[in-house]
Amino acid sequence: MYGTYIGNNRVLVSTQWGGMLLVSSDDLSLSPTLITRGVYDVGLTNYLIKTIKPGNTVVDIGANLGYFTVLMGYLVGPNGRVLSYEANPNIFALLQDNISMNYLNKQVNVINKAIYSDYSQLKFYVTSRFMGNSSIHKHNENYQNNYKVDEYIEIEVDAEPLDAHIDEIEYIDFVKVDIEGGEYHALKGMEKLISAGKIDTISFELNKNMLQDDYNCLYKYLKSYSAFKYYIVNDKGDIIPMEVDDIFNHESISNVIIKVQH
């Protein structure tokens, strides 16, 4: 076990890669894996450890409690930068605590907003049991069948495109997008950065059930970019080339890597 209950519905986790995290004892999504294994999403974790370098600028879209934000904060070091977005106000305080507890405030900037295709105020469906499943899409019958004990409430959150930072960021080495069905709009919201050659690599989760009607929109959008090269990630963190058509023969892939050819 990698976790110790410290009261107030909090468990202190010591990760396999050296960071510390506070997680909610009420959560049924990330917390059980982190408490029992000390690592989450092994493939992407190993990929980041292999590829993110000191001084890099990286973005975490859908930071949740900050597992990848903290990891990347350590990897980029004090001369790097991590821009971390989390829309869920119930989790945002936990994210802030985890940044502070790991003494990463110098290189990490956290923002309590959603990333979207434009500036907007969005309906956001906050899940109570599987806290990593909050989404801009109302959870459908398929979701309810798969997560029978979960409940959700509807709130409104502020949203902005990642392109809001185009004038202040010279170059982004890596963008992680994991926002439970919001990936299509997130990618559209960084078109200016992509066109300006300011993004090197993007990872996103493909999840047909969460994307709902945006699944086909995402496929058509990615097909329109001839400069994108696609890969999937194995557990060792190595990337394997795959064509976009083959990727979308799957309903779910944890991590699709996009290399932007400049």
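The values are calculated or read from the model by the stated rules, or taken from the named source; none is laboratory data. What you see is a predicted model, and the numbers here were worked out from it, not measured in a lab. Cβ: placed from backbone, ideal geometry, glycine included. Neighbour counts: every protein chain shown. All accessible areas refer to the heavy atoms of the entire protein, side chains included, with ligands and DNA or RNA removed. Shrake-Rupley method; radii C 1.70, N 1.55, O 1.52, S 1.80 Å.
Overview of values
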| quantity | calculated |
| --- | --- |
| Where residue 251 falls short, out of the listed (1) open to solvent by 40 Å² or more (accessible area, probe 1.4 Å); (2) at pLDDT 95 or above; (3) touching a helix residue (DSSP H, G or I) at 6+ places or on another chain (Cβ under 6 Å); (4) acidic (Asp, Glu) | (2) |
| Set 60, 118: member being of a type in the set (Asp, Glu), surrounded by fewer than 21 Cβ atoms within 10 Å (Cβ to Cβ) and modelled with pLDDT of 95 or more | 118 |
| Answer residue from the stretch 121-157, given it is polar (S, T, N, Q) and not in a strand (DSSP E or B) and is most open to solvent (accessible area, probe 1.4 Å) among those | 146 |
| Top-ranked residue of the stretch 94-115 - restricted to ones that are without any contact (Cβ under 8 Å) to a residue 40 or more places away in the chain and open to solvent by less than 50 Å² (accessible area, probe 1.4 Å), ranked as nearest to residue 182 (Cα to Cα) | 111 |
| Close pairs (7 angstrom Cβ cut-off, 6 or more residues apart or separate chains): within 16 Å of residue 79 (Cα to Cα) in the stretch 51-66, surrounded by fewer than 24 Cβ atoms within 10 Å (Cβ to Cβ) and hydroxyl-bearing (Ser, Thr, Tyr) anywhere | 57/171 |
| Unmet criterion (only one of (1) under 23 Å from residue 232 (Cα atoms); (2) open to solvent by 50 Å² or more (accessible area, probe 1.4 Å); (3) touching a Lys or Arg at 6+ places or on another chain (Cβ under 8 Å)) for residue 215 | (2) |
| Residue 176 vs. criteria modelled with pLDDT of 95 or more and closer than 23 Å to residue 76 by Cα | yes |
| Selected residue [more than 18 Å from residue 109 (Cβ to Cβ) and free of Cβ contacts under 8 Å to residues at least 40 places away in the same chain] from 140, 145, 133 | 145 |
| Checklist (1) among the aromatic types (Phe, Trp, Tyr); (2) within 16 Å of the chain's Cα centre (by Cα); (3) open to solvent by 20 Å² or more (accessible area, probe 1.4 Å) applied to residue 68, failing item | (3) |
| Hits in the stretch 191-215 - residues which are outside any helix (DSSP H, G or I) and touching a residue at least 60 places away in the same chain (Cβ under 8 Å) | 197, 199, 200, 201, 203, 212 |
| Residue match in the stretch 167-187 (condition: outside any helix (DSSP H, G or I), among the basic types (Lys, Arg), touching a residue at least 60 places away in the same chain (Cβ under 8 Å) and open to solvent by 50 Å² or more (accessible area, probe 1.4 Å)) | no |
| Members of the stretch 218-234 that are closer than 17 Å to residue 253 by Cβ, more than 18 Å from the chain's Cα centre (by Cα) and not aromatic (Phe, Trp, Tyr) | 222, 223, 229 |
| Enumeration of residues in the stretch 169-200 that are of a type in the set (Asp, Glu) and touching a strand residue (DSSP E or B) at 6+ places or on another chain (Cβ under 7 Å) | 173, 178, 180, 183, 200 |
| Hey, residue 203 among the small types (Gly, Ala, Ser) and under 17 Å from the mean Cα position of the chain (by Cα) or not | yes |
